[in-house]
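The structure under discussion appears below in the form of structure tokens.
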Amino acid sequence: MLATLTLMTPGSVAQGRAAQPDSGPWWRHAVIYEIYPRSFQDSNGDGIGDLNGITSRLDYLESLGVNAIWLSPVYPSPQVDFGYDISDYENIDPQYGTLADFDHLVQEAKKHNIRILMDMVMNHTSDKHKWFIESASSKTNPKRDWYVWRDGKGVDAKGKPIPPNNWVSLFGGSAWQYDPKTKQFYYHKFYRQQPDLNWRNPEVEKAMFGAVRFWLDRGVAGFRLDAVPTLFEDPKLRDEPVLGGTNAQGDPNLDDIYTNNLPEVHDVMRRLREVVNEYPGDRVLIGETYLPNVQELDKWYGGAKHDELQLPMDMQVGFINKLNASLFRKRIQDAETRIDGNQPLFVFDNHDNRRSWDRYGDGIHNEAIAKVVAVTLLTSHATALMYYGEEIGMVTSTPKRKQDVKDPIGITGWPKEKGRDGERTPMQWDSSKNAGFSTADKTWLPVASNYRTVNVKVEDSEPNSLLNWHKKLIAMRRSDPALRSGKQIMLDDINPSVLSYVRKGVNGGPSVVVALNFTNQTQTVSLDLTRAGVTGSTVKTLMTDAPALEGTSSLRHLTLPPFASWIGSVQ
Ligand code: GLC
Ligand code: CA
């Protein structure tokens, strides 16, 4: 059914064929690029990025080679959580433009063979959303049950209402907010301005799926589902087990078994998948799925039934946060062999975590390490998810003073938790004012101080730059059949210093071999391809950042300088 529909859509066929010599849905081979719209390109000089700004940078995105853009939320929002507090699911925030600007972006992106994915926040709305305003208006309002309202446990000695249980917000303090008007508490996993929807009420699902259809009808290629494991809470409101110690916000550490990853969520995912399946063109569901292990990850695909998300994010690989070859080997292998043949999605960077440049860098070899990270991501069998600025090596620029912090968790958590501003600074395009991001006198977050040397324009002109490294990798991944769809097979089980693997040739074509030195010491390896069932012996270097390895012709005694990357072809 799906395949037939796909063929009936001229646009999707044209787009698909241009980039896909072999079969399968586009997202299996894609590089998806996350844009934080506030920080990508400002087109009207107010210091805040916008949709027309993104449209003006499509040539760049096409030259980088990305297949799709995931836009962090651009819906109307009070911007308490910079868009993750939505007050209208079917419009665009005037800060970012208009619905017409959005449609224009979708159309123009299509001309560049780039699809647009929206961020769908289903766990909570803004407290300024009309649904919540109605819900809060009285205990008998028809929308009362759209959110999670509960009586407290009476009052304390000072007369202060006691919340229903011990649940804490991920963003600090009790997860329960008292409403003096109706004398009940409402639940919020995130900020108190982000009340959780009650997914046990079928009307909530209906309304939210309506919003999903609104954007599918407008031509979006799919969604990234925000914080989606948190949709359900324990109806009995049991206290969560206390683990001991406190977190960065000063709250007790809890085991979130009653507010996270409840099994009920999978029924919703299956029904959501059915909605998406009604549309032609291989629309895709991506999940923000921080999960404890690969078994839990597999459930988000619907396991062997493949009937939930096509691409729940695998956070087990990209957030290891140290170059440990053994751990990478194990987790990549898990993704390759233990998710029922589903397609993995790897990611190293996003708008919630310090940039991979700093999480993996050792302060001395950061550029070589960033190249290792790029190879790990872009030569893997997984679909690749990137974050704007990762390709040029943008650094985390954490505010130095509390009064400069914009992200509320950085204000309440200061100085232990400084918030997420550091990984959200404006994109660095060139060496001009505000790095070419904006003509404003002041941008919403300051541009990182290194922008004169770390920017697109400078790196474009340096053949060995991190930007050109990414461009070459992505181009190779698009054109080389083994890199596009070959199996990923590890070349040893034990080497603690070098990660090496094969992407197996397709239909007897050449295989691709990758060897990455994960340490600051020179390492020599002899790679035996027979365990991967590869018999060829003619070796040719495809890419390396170690000049001495350019002439490599044998896989015996391959000597890799500190943090060197080598990619070769074998026939
Ligand atoms: C997700 C988003 C994060 C946001 C939170 C609440 O984790 O990535 O930025 O603050 O959900 O919506
Ligand atoms: Ca929830």
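For the reader, a short list of remarks on this structure follows.
- Looking only at the range 208-243, and only at residues there that are within 30 Å of residue 104 (Cα to Cα) and within 10 Å of ligand 2 (Cβ to nearest atom), the one that is nearest to the chain's Cα centre (by Cα): 227
- Residues being of a type outside the set (Phe, Trp, Tyr), over 17 Å from residue 87 (Cβ atoms) and touching a residue at least 60 places away in the same chain (Cβ under 8 Å) - total across the range 175-199: 2
- For the range 280-299, the set of residues classified as in contact (Cβ under 8 Å) with a residue 60 or more places away in the chain and either open to solvent by less than 30 Å² (accessible area, probe 1.4 Å) or touching a Phe, Trp or Tyr at 6+ places or on another chain (Cβ under 7 Å) (or both) consists of 281, 282, 284, 285, 286, 287, 288, 289, 291, listed by residue number.
- The combined condition, being within 16 Å of ligand 1 (Cβ to nearest atom), modelled with pLDDT of 95 or more and within 19 Å of the chain's Cα centre (by Cα), is not fulfilled by residue 358.
- Out of 435, 482, 475, one residue alone is free of Cβ contacts under 8 Å to residues at least 24 places away in the same chain and out of contact with any helix residue (DSSP H, G or I) (no Cβ under 7 Å at 6 or more places or on another chain). It is 435.
- Filtering the range 457-479 to residues that are under 30 Å from residue 343 (Cβ atoms), out of contact with any Lys or Arg (no Cβ under 8 Å at 6 or more places or on another chain) and open to solvent by 10 Å² or more (accessible area, probe 1.4 Å) leaves 468, 471, 472, 475, 476, 479.
- Just one of (1) within 16 Å of ligand 2 (Cβ to nearest atom); (2) open to solvent by 30 Å² or more (accessible area, probe 1.4 Å); (3) small (Gly, Ala, Ser) fails for residue 159. It is (1).
- Scanning the range 107-137 for residues that are in a helix (DSSP H, G or I), touching a Leu at 6+ places or on another chain (Cβ under 7 Å) and not aliphatic (A, V, I, L, M) turns up just one, 108.
- Residue within the range 416-424 that is surrounded by 15 or more Cβ atoms within 10 Å (Cβ to Cβ) and either within 21 Å of residue 46 (Cβ to Cβ) or without any contact (Cβ under 8 Å) to a residue 12 or more places away in the chain (or both) present: yes
- In the range 188-207, residue nearest to residue 171 (Cα to Cα) [restricted to those that are within 16 Å of ligand 1 (Cβ to nearest atom) and in contact with a helix residue (DSSP H, G or I) (Cβ under 8 Å, 6 or more places away or on another chain)]: 191
- Among residues of the range 505-521 being touching a helix residue (DSSP H, G or I) at 6+ places or on another chain (Cβ under 6 Å) and assigned to a loop (DSSP other than H, G, I, E, B), the one that is nearest to residue 565 (Cα to Cα) is 518.
- Of all residues in the range 377-400, those satisfying the criterion of being open to solvent by less than 10 Å² (accessible area, probe 1.4 Å) and over 16 Å from the mean Cα position of the chain (by Cα) are 379, 380, 392, 393, 394.
- Taken over the range 178-207, the criterion of being closer than 15 Å to residue 129 by Cβ, more than 13 Å from ligand 2 (Cβ to nearest atom) and outside any loop (DSSP other than H, G, I, E, B) is satisfied by 203, 207.
- When residue 79 is tested against (1) on the phi > 0 side of the Ramachandran plot; (2) away from ligand 1 (no atom under 16 Å from the Cβ); (3) at pLDDT 95 or above, only condition (2) is not met.
- Annotation note: of 404, 430, 358, the sole residue that is in contact with a helix residue (DSSP H, G or I) (Cβ under 7 Å, 6 or more places away or on another chain), of a type outside the set (A, V, I, L, M), under 23 Å from residue 36 (Cα atoms) and surrounded by fewer than 22 Cβ atoms within 10 Å (Cβ to Cβ) is 430.
- Any hit, the range 16-39, residues being open to solvent by 60 Å² or more (accessible area, probe 1.4 Å), within 30 Å of residue 192 (Cα to Cα), at pLDDT 95 or above and more than 16 Å from ligand 1 (Cβ to nearest atom): no
- Checked against the criteria, residue 212 does not count as away from ligand 1 (no atom under 16 Å from the Cβ), assigned to a loop (DSSP other than H, G, I, E, B) and either out of contact with any Gly (no Cβ under 7 Å at 6 or more places or on another chain) or at pLDDT below 95 (or both).
- Scanning the range 480-494 for residues that are buried (at least 18 other Cβ atoms within 10 Å of the Cβ) and part of a loop (DSSP other than H, G, I, E, B) yields 480, 486, 491.
The values are calculated or read from the model by the stated rules, or taken from the named source; none is laboratory data. Quick caveat: nothing in here was measured; it's all calculated off a predicted structure. Positions of Cβ are generated from backbone atoms using ideal geometry, with glycine treated the same way; all protein chains shown enter the neighbour counts. The protein model used for the area step is the full one, side chains on, heavy atoms only, and it has no ligands, DNA or RNA in it. Shrake-Rupley method; radii C 1.70, N 1.55, O 1.52, S 1.80 Å.
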